[in-house]
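The values are calculated or read from the model by the stated rules, or taken from the named source; none is laboratory data. Please read all numbers here as calculations on a predicted model, not as lab measurements. Using ideal geometry, Cβ is built from the backbone for each residue, glycine included, and neighbour counts are taken over all protein chains shown.
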Amino acid sequence: MTECSNSLENFDFHKIFENWDDGVLITDSQGFVLMHNQAYLRLTFLPFDSLVGMNMRELIRKKYATNVASLRVLEDRQPVSMTHSNENGTIVVSSNPVFDTHGSIAVVVTFVRELTEIVRLREELMQAKEIEEMYFKYNQKEYSTTHNVPIAVSKMMNHTLVLAANIAQVAANVLLTGESGVGKDVIANYIHEQSSRKEAPFIAVNCAALPENLLESELFGYDSGAFTGAARAGKPGLFEAAQGGTLFLDEIGDTSQSFQATLLRVLETKEIKRIGAVKPIKIDVQIIAATNRDLEDMIKAGEFRSDLFYRLNIFRIKIPTLRDRREDIIPLSMYFMNLFNNQYHRQKRLSHEVLRQLTKYDWPGNIRELRNVIERMVVMSNGDYLSVSELPESLRNDFEMHPSVIVTGIMPINYAIEETEKQILTNALRTYVSTRKIGHILGIDHSTVVRKLKKYRLK
């Protein structure tokens, strides 16, 4: 015991104090700093070489702090703990009173510990939990296109579905527009399923995939002997097959003017004639047409009939691109992952890093491209969890090749950073309601999002 006591007497406690990873601050009963280690200054980011002799109230007066734990202890005469978060990270501050023999506070000892890593791990755990919940949700098929409900989380896509459901209540012609791959066929089928015709056939035709003469024989059918090679008994066309239901004419902008004239006559008379036939056939079919081309520009160029356009354009729905409905990327990815896991008898999972990269990519091919990417990863990957390295090169290199921020002039760095932050947050608020989701997409803590929204007075 004596040897141990001698060792402690000779030990340099100041060395322990200075090499402690946690910050330590000791103040007297008036709030004046008696001592602290360098870790305290490092963790609090206070711009001083030393605080010894300074009263902690000076930090409030000089606006370095708004709430000081050690001063609260002097007021409440009990331990105080608080958490502070800023752009540098998150710290927890714990101040404890030390009483003298008379019951008065002699000193206040404050400990500061960095929580940034803990907060980061907690956020990752929450994100992992959210992903697991999504997997469970889609495995339970609560939200699947197999139930004839297109996947839609974003406000923009939900608005599109509401519009489509309203239009479905009337048997009028519909024109669907939007980029290639946005899911015009899915919306067309959704309109059919929401209509009174849902028990009748829904038939889709890709007008660009067939030559003009074959397209007409497929749609209108033909009588016996109509042309060389025709079936002896003739053949009904797709208009007849869709009787009472819906005919979806995809890529209508790629048809010839001759076909457009024939289709216009059908829409006006509600009758068709099989090729080689004399007697017309009455039809009751709702027409939904779709195109990724600008028909109004084609009309000006003399490539599309204006009278047919007006017949088709009774109701128009423009389907948003995937980059304009980024909230739908993760649910769609989950859906396709489950689809292809079942198809190829796999048990693949998308990692958080992959999901983050998928939401950043602009998807020029829209949902069709996303579907193809997920299918390729399911088939080609080795591990159960799909990593960023297994993404197609175009997705991995997209941001290096096409930076999302382009600087065209010279300005103070601090101003540029603040202006960029403000614009990014403004864009995020247009798409996402939850500040936690904004933090997830931007790769920052939820508390940082809240603080920056207050800083820039964004709501």
Tally time: how many residues in segment 438-459 are in a helix (DSSP H, G or I) and of a type outside the set (A, V, I, L, M, F, W, C)?
9
For a quick check of your reading of the model, give me the residue pairs whose first member lies in segment 233-248 and is closer than 24 Å to Gly183 by Cα and in the same structural domain as Ala208 (by TED's automatic domain parsing), whose second is outside any loop (DSSP other than H, G, I, E, B) and of a type in the set (S, T, N, Q), with beta-carbon atoms closer than 9 Å and at least 6 apart or on different chains.
Ala242/Gln286; Gly245/Gln286; Thr246/Asn189; Thr246/Gln286; Leu247/Gln286; Phe248/Asn189
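Can you tell me which residues in segment 44-81 are aliphatic (A, V, I, L, M) and not in a loop (DSSP other than H, G, I, E, B)? Before the answer, list the steps.
In the first step, residues of segment 44-81 are kept if they are aliphatic (A, V, I, L, M); the result is 46, 51-52, 54, 56, 59-60, 65, 68-69, 71, 73-74, 80.
Residues satisfying the conditions are Leu59, Ile60, Ala69, Leu71, Val73, Leu74, Val80.
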Members of segment 240-267 found to be under 14 Å from Phe220 (Cβ atoms) and crowded, with 22+ Cβ neighbours inside 10 Å, listed by number:
Ala242, Leu247, Leu249, Thr255, Leu263
Mind checking which residues of segment 320-353 are touching a strand residue (DSSP E or B) at 6+ places or on another chain (Cβ under 7 Å) and either buried (at least 21 other Cβ atoms within 10 Å of the Cβ) or in the same structural domain as Ala164 (by TED's automatic domain parsing) (or both)?
Ser333, Met337, Leu350
Here are some conditions: (1) out of contact with any Phe, Trp or Tyr (no Cβ under 7 Å at 6 or more places or on another chain); (2) surrounded by 15 or more Cβ atoms within 10 Å (Cβ to Cβ); (3) not charged (D, E, K, R). Pro211 meets all but one. Which one does it not meet?
(2)
Tell me whether segment 201-208 contains one or more residues that are over 13 Å from Ile288 (Cβ atoms), in the same structural domain as Ala277 (by TED's automatic domain parsing) and either among the hydrophobic types (A, V, I, L, M, F, W, C) or modelled with pLDDT under 95 (or both).
yes
Restricting segment 127-176 to residues that are modelled with pLDDT of 95 or more, of a type in the set (A, V, I, L, M) and outside any helix (DSSP H, G or I), which is surrounded by the most Cβ atoms within 10 Å (Cβ to Cβ)?
Leu176
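Among the residues of segment 21-80, which ones are basic (Lys, Arg) and more than 22 Å from Leu115 (Cα to Cα)?
Correct list: Arg57, Arg61, Lys62, Lys63, Arg77.
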Among (1) more than 16 Å from Gly23 (Cα to Cα); (2) of a type in the set (A, V, I, L, M); (3) modelled with pLDDT under 90, Leu74 falls short only on (3)
One residue is enough: does segment 414-434 have a residue meeting the conditions of a type in the set (Gly, Ala, Ser), closer than 23 Å to Ser351 by Cα and at pLDDT 80 or above?
yes
Any residue at all in segment 93-104 that is modelled with pLDDT under 85 and either closer than 21 Å to Lys452 by Cα or crowded, with 18+ Cβ neighbours inside 10 Å (or both)?
no
